[in-house]
Amino acid sequence: KDITDKALLWNIQLVQKLLPIGIAELIKSLPSIEALQDEQKWEQMQKIIRDKDALTPHWVSVVEPVYKLLIQSPIFYSERNGGCWVTIEEAVIFPECMVQQDLLHTLHEVLIDGNLPVVKINTKMAKTFEEILNLKCRTVDPSLVQSTLQSAQNSNRMQLTPEQRLQLLQYLTQYGQPTHLEGLKLIKLRDGTFTSLSRQPAESIYIDSAQH
């Protein structure tokens, strides 16, 4: 049935057309507010941008056009290069499986040192963007960690502690494949130095116990 009530038509247009634009413009303007530090802005941003599961059903129809208006907007904070704002398509997002804080910290440090725009957001929020915008967000995975470590290792750009090397070794063996370890100096030797695995090693590597 056609709607003839002009006041009702206006309200519908207000909610469906103008409200999403207003919310999107508010979100876009937040990174430029000089009175707040970037970390404070990002904290506020995460309170404004919500995943669909956190919304009541009647707000979902408003959120979808908002997200579509934000696809090209740098509204995600990364600590890369001392702090910058990136778009959802540029961001590299941590998956929920990384629950160990020490591992999370090490991976974050490695990827930031590798000049990657790492963003810490709720995975559900990322999935909401993927569903609405029909895109695939970049996430941290063993292949990305391997390539970043390999590049840093070749240029001697990154200094890792023995504890960090062990954490990275555990991450790659737990979530990745044996090939993700190739070329990475993560295997600790008796003399305290580290060596890498290779399909054609120059010398044999012996493991002294099943625990290692």
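The values are calculated or read from the model by the stated rules, or taken from the named source; none is laboratory data. Everything numeric in this text was worked out from a predicted model, so none of it was measured. Please note: Cβ atoms are built from the backbone with ideal geometry, for glycine as well, and neighbour counts cover all protein chains shown. Keep in mind that these areas ignore ligands, DNA and RNA; they rest on the heavy atoms of the full protein, side chains included. Shrake-Rupley method; radii C 1.70, N 1.55, O 1.52, S 1.80 Å.
Within the stretch 193-212, restricting attention to residues that are surrounded by 11 or more Cβ atoms within 10 Å (Cβ to Cβ) and of a type in the set (A, V, I, L, M), the residue that is modelled with the highest pLDDT is Leu197. Name every residue in the stretch 138-175 that is of a type in the set (Phe, Trp, Tyr) and open to solvent by 30 Å² or more (accessible area, probe 1.4 Å), in order of residue number. Of everything in the stretch 138-175, just one residue is of a type in the set (Phe, Trp, Tyr) and open to solvent by 30 Å² or more (accessible area, probe 1.4 Å), namely Tyr175.
Taking the stretch 31-69 as the range and being of a type outside the set (A, V, I, L, M, F, W, C), touching a residue at least 24 places away in the same chain (Cβ under 8 Å) and under 17 Å from Leu18 (Cβ atoms) as the test, the residues that pass are Ser61, Glu64, Pro65, Tyr67, Lys68.
In the condition set (1) more than 22 Å from the chain's Cα centre (by Cα); (2) modelled with pLDDT of 90 or more, Leu14 is compliant with all but (2). In the stretch 85-107 there is at least one residue matching the filter, namely being at pLDDT 90 or above, open to solvent by less than 20 Å² (accessible area, probe 1.4 Å), more than 20 Å from Lys41 (Cα to Cα) and within 13 Å of the chain's Cα centre (by Cα).
Taken together, the residues in the stretch 176-187 that are farther than 9 Å from Leu197 by Cα and open to solvent by less than 30 Å² (accessible area, probe 1.4 Å) amount to 2. If the condition is being open to solvent by less than 40 Å² (accessible area, probe 1.4 Å), aliphatic (A, V, I, L, M) and assigned to a helix (DSSP H, G or I), then the stretch 21-68 contributes Ala24, Ile27, Leu30, Met45, Val60, Val62, Val63, Val66.
Among the residues of the stretch 123-143, is there at least one that is out of contact with any Pro (no Cβ under 9 Å at 6 or more places or on another chain), assigned to a helix (DSSP H, G or I) and either over 28 Å from Gln72 (Cα atoms) or of a type in the set (S, T, N, Q) (or both)? Checked the stretch 123-143: at least one residue is out of contact with any Pro (no Cβ under 9 Å at 6 or more places or on another chain), assigned to a helix (DSSP H, G or I) and either over 28 Å from Gln72 (Cα atoms) or of a type in the set (S, T, N, Q) (or both).
Sort out which residues of the stretch 173-192 are at pLDDT below 85 and either within 27 Å of the chain's Cα centre (by Cα) or assigned to a loop (DSSP other than H, G, I, E, B) (or both), and write them in order of number. Answer for the stretch 173-192, where residues must be at pLDDT below 85 and either within 27 Å of the chain's Cα centre (by Cα) or assigned to a loop (DSSP other than H, G, I, E, B) (or both): Pro178, Leu189, Arg190, Asp191, Gly192.
Sub-6 Å Cβ pairs linking a first residue in the stretch 157-169 that is hydrophobic (A, V, I, L, M, F, W, C) to a second residue that is surrounded by 15 or more Cβ atoms within 10 Å (Cβ to Cβ), at least 6 apart or interchain, are Met158/Asp113; Met158/Ala152; Leu168/Leu186; Leu169/Leu186, ordered by first then second residue.
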